[in-house]
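> Sharing a structure, written as structure tokens. Questions coming.
The values are calculated or read from the model by the stated rules, or taken from the named source; none is laboratory data. Please read all numbers here as calculations on a predicted model, not as lab measurements. Glycine also receives a Cβ, built like all others from the backbone with ideal geometry; neighbour counts cover every protein chain displayed.
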Amino acid sequence: MKGFVFRLERLLELRSTAERERAQALGQAMRKEEVQREALDEASERLDSCGDQIADVLDSVAPAGALTNLRLAIEAAMRQVDSAALSHQAALDQMQQERELFSRARVERRVVERLREKRRAAWTEEASRAEQSEQDSIARNRRGTKGGPG
């Protein structure tokens, strides 16, 4: 009997390739999210540092120019935090989208893979039946020649 041939093998390969590509895209999105999260953390730390400076200035007498500079620094730090938060949210959204695409690609590959497994099981069962039938036929032929005139 011929060996097992899965006619959709090429489709399975394409689905596997698509899944690997989606996994790579997801990995890149996760790295980007991590970088954006770290940038947000750093911007938040700078803003906290500005808050500490305010506490120091309030405890002492400071010139008006120093207070103005401190206010400008705080506003800049707040803008950085806002910008970093938006970038981080965009990275989170992209990561979620890539996760969904990867999940869909994995499901599509598994569907074809399960079909191949079912077809292989059916082929194995059919091959087993054919082999059994052949063995039964050989056994009948032997019995027929032994049981004849002799």
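> So which residues in the stretch 112-123 are within 13 Å of GLU9 (Cα to Cα) and in contact (Cβ under 8 Å) with a residue 12 or more places away in the chain, if there are any at all? Let's see the steps before the verdict.
Start the filter on the stretch 112-123 by keeping residues that are within 13 Å of GLU9 (Cα to Cα), which leaves 112-117, 119-120.
VAL112, GLU113, LEU115, ARG116, ARG119, ARG120 - these are the residues of the stretch 112-123 that are within 13 Å of GLU9 (Cα to Cα) and in contact (Cβ under 8 Å) with a residue 12 or more places away in the chain.
> Restricting attention to the stretch 1-24, report how many residues are β-branched (Val, Ile, Thr) and farther than 28 Å from GLN94 by Cβ.
Summing the residues that are β-branched (Val, Ile, Thr) and farther than 28 Å from GLN94 by Cβ in the stretch 1-24 gives 1.
> List, please: which pairs have Cβ atoms under 8 Å, are six or more places apart or on different chains, and start with a residue in the stretch 124-139 that is in contact (Cβ under 8 Å) with a residue 60 or more places away in the chain and end with one that is outside any helix (DSSP H, G or I) and not aromatic (Phe, Trp, Tyr)?
ALA127/MET1; ALA130/MET1; GLU131/MET1
> Name the single residue that is nearest to ARG37 (Cα to Cα) among those in the stretch 49-82 being within 45 Å of the chain's Cα centre (by Cα) and among the charged types (D, E, K, R).
Among those residues, the one meeting the criterion is ASP82.
> For the stretch 77-100, give me each residue that is in contact (Cβ under 8 Å) with a residue 40 or more places away in the chain and surrounded by 15 or more Cβ atoms within 10 Å (Cβ to Cβ).
Correct list: VAL81, ALA84, ALA85, SER87, HIS88, ALA91, LEU92, GLN94, MET95, GLU98, ARG99.
> I would also like to ask the following. So GLU42 ticks every box in (1) within 30 Å of GLU134 (Cβ to Cβ); (2) assigned to a helix (DSSP H, G or I) but one. Which box is left unticked?
Among (1) within 30 Å of GLU134 (Cβ to Cβ); (2) assigned to a helix (DSSP H, G or I), the lone unmet condition for GLU42 is (1).
> Has the stretch 60-79 got any residue that is in contact with an Asp or Glu (Cβ under 8 Å, 6 or more places away or on another chain) and over 30 Å from ALA105 (Cα atoms)?
Taking the stretch 60-79 and keeping what is in contact with an Asp or Glu (Cβ under 8 Å, 6 or more places away or on another chain), we get none.
Looking through the stretch 60-79, none of the residues is in contact with an Asp or Glu (Cβ under 8 Å, 6 or more places away or on another chain) and over 30 Å from ALA105 (Cα atoms).
> Something else: Identify, please: which residue in the stretch 1-33 is part of a loop (DSSP other than H, G, I, E, B) and not charged (D, E, K, R) and is, among those, nearest to SER133 (Cα to Cα)?
The first filter runs over the stretch 1-33 and keeps only residues part of a loop (DSSP other than H, G, I, E, B), leaving 1-8.
Remaining after also requiring not charged (D, E, K, R): 1, 3-6, 8.
Working: MET1: 12, GLY3: 18, PHE4: 19, VAL5: 22, PHE6: 24, LEU8: 29 Å.
Within the stretch 1-33, the match that is nearest to SER133 (Cα to Cα) is MET1.
> Give just the number: which of (1) surrounded by 12 or more Cβ atoms within 10 Å (Cβ to Cβ); (2) at pLDDT below 95 does THR68 not satisfy?
Result: THR68 fails condition (1) only.
> A further question follows. Considering only the stretch 2-44, state which residues are of a type in the set (Val, Ile, Thr) and more than 30 Å from ILE74 (Cα to Cα).
Within the stretch 2-44, VAL5, THR17 meet the criteria.
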